[in-house]
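The values are calculated or read from the model by the stated rules, or taken from the named source; none is laboratory data. None of the values given here were measured: they were computed from a predicted structure. With ideal geometry, Cβ positions are generated from the backbone for all residues, glycine too; neighbour counts draw on all protein chains shown. For accessibility, only protein heavy atoms count, side chains too; no ligands or nucleic acids. Shrake-Rupley method; radii C 1.70, N 1.55, O 1.52, S 1.80 Å.
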Amino acid sequence: MIKQRTIAKAVSLTGIGLHSGAKVQVSFRPAPANTGLVYTRVDLNPSVTIKCSADSVRDTQLCTALVNEQGVRISTVEHLTAALSALGIDNLYIDVNAPELPVMDGSAQPFIYLFGSTGIKELSESKKFLRVVRKVRVENEGKWAELTPSESGFHLDLQIDFNHPAMDKEKQHFAMNFTGEAFAHDVSRARTFCFMRDVEFMHSHNLALGGSLENAVVLDDHRVINPEGLRYEDEFVKHKLLDAIGDLYMDGHSILGNFKAYKTGHDLNNRLLRAFLSDSANYQIIEFNNEEQKVAEAINFLDSKRALAAF
């Protein structure tokens with residue numbers, strides 16, 4: 001069978017919060033089977049715990065934020081969740097001493113490296129997948145995202161549409177069969193991006209105070225101003241795909257199906273996941289037992305060793 005996973009040992013890291021600009025420490029601890037992804041704000045007295053779920057996402061302005069009924073929040077979780085999805089980690093305790101995770105370099109790569117250093121532990125319980133059985137689609141002002149059935153695996157197809165001299169029109173579409181290896185090699189290093197004209201507005205509203213050329217691709221009216229340029233020729237669309245992968249893993253379950261989207265963002269991604277989970281007729285919960293092992297091996301998107309080796 002394919003088993004649930006957590007990390008082999010506890011590990012911590014420190015970085016800058018994207019919105020506060022303050023130093024943030026986050027610690028990761030192994031969790032038992034069927035725990036899910038559980039965040040705790042350890043800076044509060046008493047501490048506050050929020051379980052990661054589609055319904056706990058209540059703010060999608062500039063990031064994906066988990067917010068409880070009392071308004072306690074943990075922002076910028078999507079890059080971590082994308083890495084967890086790629087590595088097949090479905091159980092984890094995440095302790096953070098701030099209202100947001102550290103942004104690191106603006107991609108999922110630091111989290112892939114981090115969990116590579118801890119090792120990944122298989123648990124005794126079988127992993128549960130959500131297989132799409134009927135089409136679910138959400139739309140908003142010309143933007144859309146949908147999930148449709150697939151015979152195997154998880155396929156993603158995303159298109160953005162930016163009119164900017166530094167954004168090649170031929171590099172604004174990307175599709176992939178999702179595997180841990182493909183994510184690590186082709187997507188995980190894609191950084192968040194923004195425009196200089198928006199940075200000034202965000203700073204005036206106390207947003208993105210920790211943003212810099214160290215953790216984002218920044219564009220002026222004509223070009224990318226980061227001295228090192230882009231990590232991928234199509235880094236912009238790949239980061240949007242990275243975000244979508246993270247946003248669709250907020251419930252901690254890997255999806256088997258096709259994801260296709262046009263100009264999607266955190267809000268639309270979350271609306272799609274909520275719509276998908278709102279009706280049990282949209283999906284089947286499946287586990288791969290020994291009789292189905294060949295099918296499980298064909299999916300092959302949870303091979304964490306190959307994902308880590310892809311660097």
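Semi-axes of the equivalent ellipsoid for segment 151-263, computed as √(5λ) from the eigenvalues of its C-alpha gyration tensor and ordered from largest down, come to 27, 16, 13 Å. When the Cα atoms of segment 106-199 are aligned to their principal axes, the ranges along those axes come out at 51, 38, 23 Å in descending order. Converting the Cα gyration tensor eigenvalues of the chain into ellipsoid dimensions via √(5λ) gives semi-axes, longest first, of 28, 24, 19 Å.
Dividing the Cα radius of gyration of segment 35-146 by 2.2 N^0.38 Å, with N the residue count, gives 1.18. Computed from the Cβ-Cβ distance with R0 of 25 Å, the FRET efficiency linking residue 122 to residue 151 stands at 0.40. In a simple Cβ point-charge model (Lys, Arg +1; Asp, Glu -1; nothing else charged), segment 117-262 has a dipole of about 480 debye relative to its Cα centre. Across the alpha-carbon atoms of segment 93-157, the computed radius of gyration and Dmax are 17.6, 46 angstrom. Among the helices of the chain, none built from whole DSSP H runs has Cα atoms reaching 30 Å or more along its own axis together with a mean Kyte-Doolittle hydropathy of at least -1.0. Compared with the direct C-alpha span, the chain from residue 173 to residue 287 gains 37.8 nm at full extension, assuming 0.36 nm per residue. Placing +1 on the Cβ of every Lys and Arg and -1 on the Cβ of every Asp and Glu, with nothing else charged, gives the chain a dipole about its Cα centre of roughly 540 debye. As a fraction of the 1.4 Å probe accessible area of segment 105-222, surface on carbon and sulfur atoms comes out at 46 percent.
Among 65, 148, 31, pick out the residue whose Cα is farthest towards the positive end of the charge dipole of the chain, where Lys and Arg carry +1 and Asp and Glu carry -1 on C-beta, about the Cα centre. Most positive-ward Cα: 31. Probing with 1.4 Å while keeping every protein chain in the model, the per residue accessible area of segment 1-67 equals 44 Å². Its Cα gyration tensor gives segment 126-173 an equivalent ellipsoid, and the semi-axes of that ellipsoid, as √(5λ) in whole Å with the largest first, are 29, 15, 8. With 0.36 nm allotted per residue and the present C-alpha distance subtracted, the residue 72-residue 53 stretch has 5.4 nm of extension available. The share of C-alpha pairs in segment 1-69 whose separation exceeds 19 Å stands at 49 percent. Computed on the Cα trace of segment 150-199, the radius of gyration divided by the Kirkwood hydrodynamic radius gives Rg/Rh = 1.06.
Need one number: % antiparallel among DSSP beta bridges in segment 1-113, to the nearest 5. Bridges in segment 1-113 that DSSP calls antiparallel: roughly 75 percent.
Our coupling estimate for segment 145-153, obtained by passing each phi through the Karplus curve with A = 6.51, B = -1.76, C = 1.60 and θ = phi - 60°, is 8, 8, 10, 9, x, 9, 5, 7, x Hz, Gly and Pro reported as x. Taking every DSSP beta bridge that has both ends in segment 154-299, the antiparallel portion is near 40%. Among beta bridges from DSSP that stay inside the chain, the antiparallel ones total about 70%.
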